[in-house]
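Encoded as structure tokens, the structure appears first; notes follow it.
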Amino acid sequence: MIPWFFTRDEIQSFANLSLKKKSRKLDELSEQLQTTENLLRDRIKQSRDMAERAARRLNRGDHEASKDLLNSFSSHIASTQPLMNTYVARKLEFSLFEIMAVEGFEFPSALLELRNDIHFGLFAVNSMDELERLLMAESDPFEELGIDIQESIENEVSS
């Protein structure tokens, strides 16, 4: 599981920064991301080397050495997991802040607030709720006549 890497306050404060400060923060995040990616690539290369050595030992018939190398490979992969989580978290953080740095960015909540101020006329957002209330209040004319539509349909289907 990837832990959240920043708080709502950090997101809000980033949105309020000047363009120069946003750019500086993005450069800083990019550098951290690149460092983490380089570490991850090194770990992957080391793991690949261990796997290749184990395969060579197995091909030579040295099963014990191959088992030891595979165990080392397995523990190396497991110890790489936190680094992968860190990389993904930093990548998400960088991507989010990169999107927020685009000129004209607005939080989605601002769009909801704008929608409340728009009158859609015949297609008003609230009209569907009003229509539903009207339909619920309406009585069924077939019921008033004593006709059960469901029963009539079942009789038609069975005959």
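What follows draws every value from the coordinates through simple rules; no lab data is involved. These numbers were taken from a predicted model, which means no experiment stands behind them. Using ideal geometry, Cβ is built from the backbone for each residue, glycine included, and neighbour counts are taken over all protein chains shown.
So the values come out like this:
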read-out: Inter-label distance for Glu28 and Leu58, nm, one decimal - labels placed 7 Å from Cα along Cα-to-Cβ; value: 4.7 nm
read-out: Residues Ser75, Ser139, sorted so that the one with the fewest Cβ neighbours within 10 Å comes first; value: Ser139, Ser75
read-out: Filter on Lys45/Lys91; Lys22/Lys45; Lys25/Lys45; Lys20/Lys45; Lys45/Lys67 - keep pairs with C-alpha separation over 26 Å; value: Lys22/Lys45; Lys25/Lys45; Lys20/Lys45
read-out: Chain lengthening between Ser72 and Ile99 when straightened (0.36 nm per residue, less Cα-Cα); value: 5.7 nm
read-out: Cα coordinate range in segment 8-106, projected on the principal axes (Å, largest first); value: 64, 20, 16
read-out: Size of electric dipole in segment 8-106: Cβ of Lys, Arg +1 and of Asp, Glu -1, about Cα centre, debye, nearest 20; value: 320 debye
read-out: Using alpha carbons only: equivalent-ellipsoid semi-axes of segment 43-99, gyration tensor based, whole Å; value: 35, 10, 5
read-out: Set of segment 79-101 residues, backbone N closer than 19 Å to the point 7 Å along the Cα-Cβ line of Leu40; value: 79-99
